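Undergrad: Dumping the structure here so I can ask a few things about it.
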Number of protein chains: 4
Amino acid sequence: MQRAGRLPFPAIAGNDAWSKHLFDNRHGTGQSALSAIQQLTNLGVAGRMFCVVGYGWVGRGIAQYARGLGARVTVVEVDPIAALEALMDGHDIANLSDAAPRADVLVTATGGINGLGSEHFALLKDGVLLANAGHDRREIDVAALAGAAHSAEEKRPGVVCYTLDGGTRVYLLVQGELVNIAGGQGHPADILDLSFSVQLAAARLLASENLTPGLHKLPESIDRQVARTKLGTLGIVLDELTPEQTRFREQWAVE
Amino acid sequence: MQRAGRLPFPAIAGNDAWSKHLFDNRHGTGQSALSAIQQLTNLGVAGRMFCVVGYGWVGRGIAQYARGLGARVTVVEVDPIAALEALMDGHDIANLSDAAPRADVLVTATGGINGLGSEHFALLKDGVLLANAGHDRREIDVAALAGAAHSAEEKRPGVVCYTLDGGTRVYLLVQGELVNIAGGQGHPADILDLSFSVQLAAARLLASENLTPGLHKLPESIDRQVARTKLGTLGIVLDELTPEQTRFREQWAVE
Amino acid sequence: MQRAGRLPFPAIAGNDAWSKHLFDNRHGTGQSALSAIQQLTNLGVAGRMFCVVGYGWVGRGIAQYARGLGARVTVVEVDPIAALEALMDGHDIANLSDAAPRADVLVTATGGINGLGSEHFALLKDGVLLANAGHDRREIDVAALAGAAHSAEEKRPGVVCYTLDGGTRVYLLVQGELVNIAGGQGHPADILDLSFSVQLAAARLLASENLTPGLHKLPESIDRQVARTKLGTLGIVLDELTPEQTRFREQWAVE
Amino acid sequence: MQRAGRLPFPAIAGNDAWSKHLFDNRHGTGQSALSAIQQLTNLGVAGRMFCVVGYGWVGRGIAQYARGLGARVTVVEVDPIAALEALMDGHDIANLSDAAPRADVLVTATGGINGLGSEHFALLKDGVLLANAGHDRREIDVAALAGAAHSAEEKRPGVVCYTLDGGTRVYLLVQGELVNIAGGQGHPADILDLSFSVQLAAARLLASENLTPGLHKLPESIDRQVARTKLGTLGIVLDELTPEQTRFREQWAVE
């Protein structure tokens, strides 16, 4: 909207605040998505092959938590820098047509549409679990899956088994809704503290400052203050730079 | 009972089977205890300090899964070999009086009694979570805790806050019962497959063989067969030693 | 220099390219610093407490690789957002005066000056190893250390033991020079491929385009091309967005 | 020899001591083998696919350290219990003919012979590194490799490139000798402390006790004393069981 010149009021890009996306998107979604998958299925994670589609902050959180619980992870990503990061983080990289047949659990986190569409269903392994942790239920094409299946049966609350031609059973979690919210308790409360603090700080700024219409960044000083307050609640007080260190930082390093 | 000569019938030590304790005790309890703690509290794991009392198979599972989810772990252990293993596995080692004051979450897994007793309550940090994943509710002295508290209040289902003198709030999960069973769904179903296979194999052996009274080990060939069957269900077929390799293994390596 | 208006020619900020700092600074320095410390000392990493001063890309690489080898890590950092990231990454956070007395190995990676100065020497543990992986030999105040010691002895090539008052032995690696370069082979060759590709691409741009004086960013398309080429050498070809997915990304998500 | 009745003097199985194989074989070989591979090749580990043949204590050390440095790991193993452990530890499991073509680095650790023989050479990927960390140079069939190659060239000290028919280049490290010893400094000194302590304790026992001919186990109390002494040098003092806890442990849990 900003780019299209259609933002007639001041707004603050809360999700771009470091105190938000570094923690909420990665750790909040990572932990709660894995927790929800465990709760919904009562299956072990260790030894399973996870395919994570998308390696933004949410995707890397899911990959990291899956691996932390003992899974192997294959990442599907279109951006080469993010793909190389995933590889160096210890994950496999593959395109979706190579990754899907190996997946025991496939999680979409693209923030886009059609992360898993009808053209991929034939590739899936019998018994695969499908979950979405990305934008909304547009990431997995649920309507196409229902259409392609000759039967659908709820096996446990929130777990529907679609049987495809050839007998492949595909278990869709919470109908492709956000698995950590529709299938669990959502983000851990103490991680939401950070996100809500960012939102509160942004709201105060909007209320108190006479900002121009358009999209604004949360000022870095406020972003840092949110993180510092969080650390304070954990009893952590950081060192500060000495004046000499600050001076060194601010100069360009030529003497 | 075996040592005391009081086992008048044949029995098989199922828990000693590798296919049981390497997976059920470590991965089964590890995953499900951490999952239950998340469900009961809706708190994040990353960044928290876990104190795990006991580093047997259960304790190392809990330590490993807590760490995999981003926690730091301090292990309390009386056996020096297990303690050294924990240290080399990347955990802190401390005795309980040093570890308790730093713990955000304290989990007992000693298989014994009084892992956390009245003499330790004064050491605990305000807000600490207590959970038991060990033998049964004897590991945390719940009666003593209730006695020491001047108030007890259930904050969420399965989470009781005891307020001690001085105001320290101690949150006890599911009254010190096994946190993964009383507070969650228990072990993942696919890990129990292994344990139940061991029990079934042991039962068949007891029914079909004329075993002498006393305690027997599950034969290694059966133990391996359980693991091999499990791998087969995952589509994994292993190489076998060539005759030449087998011969080399069986000789003593002198030529 | 750019800010001070003293950059009279076009320059490209190569280190700001993602293909450079995400890999060279983190993985290149992380691996090679740990490798050099092992080579210089022939000591185990597992079970040791590393104190990493600074959690920029270099610091987080060192923390990650130390931990991957089994160490525990305490991070010292002045920026609250980076400190909170370190905590959620599973490391301890402390200020230097709390962290130094626990360190078995202390590595500076601040990019500034005086990461470890004379005011900290009295805090160090007997037997501590000191290494610098940050900017240059200004991070550890070597002259002050030599002045404070009543003896200095080279124990192994590149390892000097300074004995302080009270008998504390402090082992300084390669005189506080960059440990991975002065004490090892420097960055792995295949990671330098990325950095040199960025530099080559920047040089070509400077030679071929008529850039204005001042600091320029490496264009994202070139940055991505470097990563894509690297993936190609590993046999990895990524999916591309479909036209429909691209359209969805580019719209603002209101229908 | 014991089984064959050919051990005419008392001997102590030092390698079976916990204080030896849990640390020396796993951590000592794991760290030093990975360190040697880095030194010999100056290549990055992160993002590479390691194939580890054998998942005994040495193999699991190598797998763990490779992964800690960012590699992916495929384990080849003939024992189903060890294979299932490797899988639950987060590694891939495959037989050698499936694993070899994917390997960037292949390390043998079988303790047997012919871990990698002439029948596997055609499967190898161009550019693969071969290293042996197992028993001795019998694990990789070096003579067969030299015979199959139409050229051999030392590219760096300790790195010989064999070019096979079809042009596949295979880089053999230190001629298939133990990579951590022939190509590096061997085990870290502080891990050898444990092994040498076990050997010293065994030697004292043989000298002072009148043991019968044949193979003896190192008594558990001595094994524990070695570990306890090691912890003591690190300043770690463990809790001891209370008399009440000891009594509980020793009873059979029926009241």
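Undergrad: At B:Ala152, with labels set 7 Å past Cα in the Cβ direction, how many nm apart are the copies from this one, shortest first?
TA: 4.8, 6.4, 7.5
Undergrad: What are the ³J(HN,Hα) values, in whole Hz, obtained from phi via the Karplus relation 6.51 cos²θ - 1.76 cosθ + 1.60 with θ = phi - 60°, for each residue of region D:218-230 in sequence order, with x given for Gly and Pro?
TA: Computed from phi, the couplings for region D:218-230 are 5, x, 4, 5, 6, 3, 5, 5, 4, 5, 5, 5, 4 Hz.
Undergrad: Quick one: order C:Arg6, D:Arg169, B:Arg156 by neighbouring beta-carbon count within 10 Å, fewest to most.
TA: Exposure proxy ranking, most exposed first: C:Arg6, B:Arg156, D:Arg169.
Undergrad: Could you work out the mean count of beta carbons from other protein chains within 10 Å of each residue's beta carbon in A:59-67?
TA: For peptide A:59-67, the averaged partner shielding equals 2.
Undergrad: Out of residues 5 or more away from C:Val75 or on other chains, whose amide H comes under 5 Å of its own, with H placed 1.01 Å from N in the peptide plane?
TA: Excluding prolines and chain starts, which carry no amide H, the hits are C:Val52, C:Asp92, C:Ile93, C:Ala94.
Undergrad: Let me ask another. What is the distance in Å between the Cα centroid of region B:146-215 and that of region C:95-110?
TA: 40 Å
Undergrad: I would also like to ask the following. Within region C:124-208, what percent of beta bridges assigned by DSSP are antiparallel, to the nearest 5?
TA: Among the beta bridges of region C:124-208, antiparallel pairing accounts for roughly 75 percent.
Undergrad: Could you list A:Thr233, D:Thr108, D:Thr74 so that the one with the fewest beta carbons within 10 Å of its beta carbon is first and the one with the most is last?
TA: Final ranking by Cβ density, sparse to dense: A:Thr233, D:Thr74, D:Thr108.
Undergrad: Here is a follow-up. Fewest first, what order do D:Leu84, A:Leu200, A:Leu34 take by the number of other Cβ atoms within 10 Å?
TA: Ascending Cβ contact count within 10 Å gives the list A:Leu200, D:Leu84, A:Leu34.
Undergrad: Could you go through region B:111-124 in sequence order and give the Karplus-derived ³J(HN,Hα) for each residue, using 6.51 cos²θ - 1.76 cosθ + 1.60 with θ = phi - 60°, rounded to whole Hz, and x for Gly and Pro?
TA: My calculation for region B:111-124 gives x, x, 10, 6, x, 9, x, 4, 5, 9, 4, 5, 7, 6 Hz in order.
Undergrad: Then there is this: Restricting to bridges with both residues inside the protein assembly as shown, how much of the DSSP beta-bridge set is antiparallel, in percent to the nearest 5?
TA: Here the antiparallel bridges make up roughly 30 percent for the protein assembly as shown.
Undergrad: So the label point sits 7 Å from Cα along the Cα-to-Cβ vector; using that for B:Gln175, what distances do you get to the other copies, in nanometres, sorted shortest first?
TA: In nanometres, ordered from closest: 3.8, 7.0, 7.2.
Undergrad: Now for a separate question. Between 0 and 90 degrees, rounded to the nearest ten: what's the tilt of helix A:57-68 against the longest Cα principal axis of chain A?
TA: Rounded to the nearest ten degrees, it is 70.
Undergrad: Along the axis that rotates chain C into chain D, which residue of chain C has the nearest beta-carbon, and what is the gap in whole Å?
TA: Closest to the rotation axis on chain C: C:Gly68, 2.
Undergrad: A further question on this structure: Kindly give the distances from B:Asn210 to its copy-mates, label point to label point, with each label point 7 Å from Cα along Cα→Cβ, as nm values to one decimal ordered shortest first.
TA: Distances between equivalent label points, in nm: 4.4, 10.3, 10.4.
Undergrad: Note down the net charge around B:Gly166, summing +1 for each Lys or Arg and -1 for each Asp or Glu among other residues with Cβ under 15 Å from its Cβ.
TA: 0
Laboratory data are not the source of any read-out in this text; all were calculated from the coordinates shown. These figures come from a predicted structure and were not determined experimentally. Don't worry about glycine lacking a Cβ; one is built from the backbone with ideal geometry, like all the others, and counts go over all protein chains shown.
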